[in-house]
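Structure first, then comments.
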Amino acid sequence: MGMADTIMTDAIKETSWRENKDLVVFWLLVFFPVGLWALWTGNCFEKNRKIQISIAVAALLLVGSLGLNTFLYFFIAWPIALYLLWRNQGENKKWFYVAVGAFVVLGLVNLSNGGGGNYSGGGSCAAVMTEGNCTYYRDDNCNVIARECS
């Protein structure tokens, strides 16, 4: 085996993480800008599949902007992404544990910011409602905090 064969063998063994479908999907689910970059610069998907995935990510971002992002992100995207990372890491689970730690920290930050309550439709429940001759004022958790009747 000559020098050229050794270099070629080493080059074949070293593949970019962008060539790994699981890692590209992981980044699409966790932090889409990195995932989209990896999707389009890597060669693990055909061009038609790249277009389909990009459209799906755009649709998810649109749905997320409608107020469902907390639910989608923490209960669907992160668990799938963590599973893909667990499956991909083999014996070395270091990055899986780092991702789990980040997930826990983000979840705690979300809870401390009041995001732990209403996942039924996202957004705030605060409103002013009029029923009959009474006006009701609701807070973010849908509790009536004041009533005014005339």
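The values are calculated or read from the model by the stated rules, or taken from the named source; none is laboratory data. Every value quoted in this text rests on a predicted model; they were computed, and no experiment measured them. Every residue, glycine as well, gets a Cβ built from its backbone with ideal geometry; the counts of neighbours run over all protein chains shown. Note: accessible area is taken over every heavy atom of the protein model, side chains too, but ligands, DNA and RNA are not part of it. Shrake-Rupley method; radii C 1.70, N 1.55, O 1.52, S 1.80 Å.
Before moving on, here are some points about what is shown:
- The residues in region 21-59 that are over 21 Å from Ala102 (Cα atoms) and out of contact with any helix residue (DSSP H, G or I) (no Cβ under 7 Å at 6 or more places or on another chain) can be counted, and the count is 12.
- Residue pairs meeting the criteria (Cβ under 7 Å; at least 6 apart or on separate chains; first under 23 Å from Leu111 (Cβ atoms), in region 126-150; second among the small types (Gly, Ala, Ser) and part of a strand (DSSP E or B)): Arg138/Ala127
- Flag if Val105 is open to solvent by less than 80 Å² (accessible area, probe 1.4 Å) and modelled with pLDDT of 80 or more: no
- Scanning region 135-150 for residues that are open to solvent by less than 90 Å² (accessible area, probe 1.4 Å) and either in a loop (DSSP other than H, G, I, E, B) or polar (S, T, N, Q) (or both) gives Thr135, Asp139, Cys142, Asn143.
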